[in-house]
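K.L.:
To start, I am sharing the structure in question, which I have written as structure tokens.
The values are calculated or read from the model by the stated rules, or taken from the named source; none is laboratory data. Here the structure is a predicted model, which is why all the values come from computation and not from measurement. Cβ placement follows ideal geometry from the backbone for every residue including glycine, while neighbour counts extend to all protein chains displayed. These area figures cover heavy atoms from the full protein model, side chains too; ligands, DNA and RNA do not enter into them. Shrake-Rupley method; radii C 1.70, N 1.55, O 1.52, S 1.80 Å.
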Amino acid sequence: MNAVFAHSLTDLIRGIRQNKKNEQAYITKEIADIRGELRGNDADLKAQAIAKLTYLQMMGFDMSWASFHVVEVMSSPKFLYKSIGYLGAVQSFTPETDVLMLTTNLIKKDLASSTASEIGVAINGLSHILTADLARDLCADLVAMLNHSRPVVRKKVLLVLYKVFLKYPEGLRLSFSRIKDRLEDPDPSVVSAAVNVICELARRNPKNYLSLAPQLFKLLTTSSNNWMLIKIIKLFAALTPFEPRLTKKLLPPITTLIQSTPAMSLLYECIHTVIAGNMLATSGSGSNAETANSLAATCVAKLRTFLEDPDQNLKYIGLLALTKILPTHPHLVAEHKDIILKCIDDPDISIRMRALDLIVGMANKKNLVEIVKRLITHLLPSNDYEAMSAGGALMDPSYRADIIRRIIHICSHNSYANVTNFEWYMAVLSDLANVAGVNVGEQLMQQFMDVGVRVKSARSYTVKLMMRMLADERLTEPDSPTDSNSLVLLAAAWLTGEYCSLLEAPEEALELLSKKSTAKLDPAIQAAYLQ
């Protein structure tokens with residue numbers, strides 16, 4: 001085909017836009033023309049044809065039939081055509097492409113080019129079309145290029161070597177020392193690339209990279225590149241379980257970063273490493289425990305800024321980190337209960353659930369009443385209107401039921417260790433029994449019976465409370481038995497009968513237990529009434 005009459009890529013795109021009604025027919029005709037262009041000997045036409053095919057491939061049309069012509073364009077001495085060829089290969093080649101074996105010498109030649117741009121396009125293309133055979137055949141050439149005079153080339157070679165090592169693991173064993181040397185490269189971008197590659201490789205088996213600890217520690221204390229520091233800190237977090245002595249060595253620089261860095265991403269990684277590396281452990285004597293407590297206090301104070309930030313993602317990871325600190329330093333987390341309690345009102349359900357996890361863990365004798373009171377406000381009807389603006393999450397029965405279960409858990413934890421007033425707790429349970437739209441009757445029943453039997457000092461009040469419940473029509477005549485807590489009436493009947501000597505009006509109790517409406521109740525409840 002004559003180059004004068006051939007359509008360019010711009011013409012193809014314009015034609016597709018102008019033929020919306022007959023797009024398929026137009027593209028079929030264009031592909032036929034492209035086949036004719038590829039059969040010729042004009043290098044310019046071939047490059048143009050591959051550019052058009054690559055565009056059509058992105059629209060969903062197959063171009064695997066032109067793979068040999070793609071290799072031809074890749075071998076062009078013109079950089080523009082070469083880059084078109086590599087783009088076509090990236091778009092269309094798969095590990096099963098037959099002509100991949102023909103690219104080995106071509107890529108070797110491009111890697112040996114004196115032009116950084118040609119080397120760059122070859123490396124970029126190779127990273128996408130790499131196979132185990134190509135990795136094996138080109139590994140030595142790439143490793144040799146780690147000493148290239150141009151930093152940009154050394155950086156790109158390091159990055160492509162990561163993919164080479166995944167396909168050809170033996171190459172890593174043969175060239176590990178050369179990769180290690182790049183940690184001391186005079187160019188910071190090359191060092192950053194080396195750290196990135198090493199950190200990614202170390203995910204599979206961190207123990208193999210312990211020998212790099214001295215060099216990585218030097219970078220940790222001298223570099224100002226936040227992203228590289230994040231990578232190094234993540235790697236150290238993975239290494240500390242294999243070398244406990246690292247913990248003591250890492251504490252000073254990480255503490256300094258936590259106290260000084262304005263970057264939230266780096267701050268979080270430092271705190272995460274401190275937690276994951278067990279650096280907050282207070283076992284031991286004197287200065288070690290004091291240092292751990294001081295560091296924990298600093299971490300918790302910094303995490304508060306995450307919770308105060310309007311960014312929802314920062315709030316979430318801040319709550320997540322506090323949850324991990326809570327088991328070792330509950331008193332420090334509890335100091336910030338004001339901001340944590342505010343997170344319960346957040347419109348984002350994931351943030352509310354993480355805040356609830358924290359609250360459950362930090363409850364103690366001093367703050368139990370305040371926490372329970374705050375949680376109960378989420379069950380009150382007046383909050384339903386606020387809930388509607390937050391996606392209706394507070395109205396969700398499963399959310400309400402979860403709140404009630406958490407209240408029961410924090411109060412009954414460790415044999416009611418945090419409860420100082422059992423009459424207050426019984427009153428709370430009574431209020432929870434009247435929460436509409438949820439069914440947690442079995443848990444409430446167990447709590448009523450457990451406290452009623454075990455706590456003699458609150459028994460008289462408990463029996464009075466049970467009488468009120470027996471008279472409560474919301475429980476005895478529920479609109480929807482499946483969504484009510486009427487099962488608490490079983491506990492009410494049992495406790496009233498078991499401790500009838502504490503009743504002020506036994507006749508009233510008999511009347512309540514023998515009402516006709518009880519026939520609508522669950523058979524288990526009726527049995528308790530009769531007994």
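K.L.:
Failed condition for Glu96, given (1) without any contact (Cβ under 8 Å) to a residue 40 or more places away in the chain; (2) touching a helix residue (DSSP H, G or I) at 6+ places or on another chain (Cβ under 9 Å), with all others met?
P.N.:
Failing condition for Glu96: (2).
K.L.:
Can you tell me which residues in segment 30-57 are charged (D, E, K, R) and surrounded by 13 or more Cβ atoms within 10 Å (Cβ to Cβ)?
P.N.:
Hits for segment 30-57 are Glu30, Asp33, Arg35, Glu37, Asp42, Asp44, Lys46, Lys52.
K.L.:
Which numbered condition in (1) surrounded by 14 or more Cβ atoms within 10 Å (Cβ to Cβ); (2) of a type in the set (D, E, K, R); (3) under 20 Å from the mean Cα position of the chain (by Cα) is the only one that Arg374 fails?
P.N.:
The single condition Arg374 does not satisfy is (3).
K.L.:
Which condition number does Pro169 fail, the rest of (1) more than 19 Å from Leu201 (Cβ to Cβ); (2) free of Cβ contacts under 8 Å to residues at least 24 places away in the same chain; (3) open to solvent by 50 Å² or more (accessible area, probe 1.4 Å) being met?
P.N.:
Of (1) more than 19 Å from Leu201 (Cβ to Cβ); (2) free of Cβ contacts under 8 Å to residues at least 24 places away in the same chain; (3) open to solvent by 50 Å² or more (accessible area, probe 1.4 Å), only one is false for Pro169: (1).
K.L.:
Quick one: would you say Leu510 is in contact with a Gly (Cβ under 6 Å, 6 or more places away or on another chain), surrounded by 11 or more Cβ atoms within 10 Å (Cβ to Cβ) and not in a loop (DSSP other than H, G, I, E, B)?
P.N.:
So Leu510 does not fit the description; no.
K.L.:
Are there any pairs with C-beta distances below 6 angstrom linking a residue in segment 199-223 that is at pLDDT 95 or above to a residue that is open to solvent by 50 Å² or more (accessible area, probe 1.4 Å) and not aromatic (Phe, Trp, Tyr), with the two at least 6 apart or on different chains, and if so which?
P.N.:
none
K.L.:
Quick one: is Asp431 within 39 Å of the chain's Cα centre (by Cα), surrounded by fewer than 15 Cβ atoms within 10 Å (Cβ to Cβ) and part of a helix (DSSP H, G or I)?
P.N.:
So Asp431 passes the test.
K.L.:
Quickly run through segment 336-352 and pick out the residues that are under 18 Å from Ile404 (Cα atoms), open to solvent by 10 Å² or more (accessible area, probe 1.4 Å) and not in a loop (DSSP other than H, G, I, E, B).
P.N.:
Answer for segment 336-352, where residues must be under 18 Å from Ile404 (Cα atoms), open to solvent by 10 Å² or more (accessible area, probe 1.4 Å) and not in a loop (DSSP other than H, G, I, E, B): Ile349, Ser350.
K.L.:
Does Asp137 count as surrounded by 14 or more Cβ atoms within 10 Å (Cβ to Cβ), more than 24 Å from Ala194 (Cβ to Cβ) and of a type in the set (D, E, K, R)?
P.N.:
no
K.L.:
Let me ask something additional. In segment 464-488, what residues are touching a residue at least 40 places away in the same chain (Cβ under 8 Å), in a helix (DSSP H, G or I) and closer than 20 Å to Ala527 by Cβ?
P.N.:
The answer is Met467, Leu470, Leu475, Thr476, Pro481, Thr482, Val488.
Yes/no per residue for (1) outside any helix (DSSP H, G or I); (2) farther than 11 Å from Val197 by Cβ; (3) of a type in the set (Lys, Arg):
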position	(1), (2), (3)
Ile119	no, yes, no
Ala122	no, yes, no
Ser127	no, yes, no
Met145	no, yes, no
Val152	no, yes, no
Leu158	no, no, no
Leu161	no, no, no
Arg173	no, yes, yes
Arg178	no, yes, yes
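K.L.:
In segment 353-381, which residues are under 24 Å from Ser415 (Cβ atoms) and outside any helix (DSSP H, G or I)?
P.N.:
Ala363, Asn364, Lys365, Lys366, Asn367
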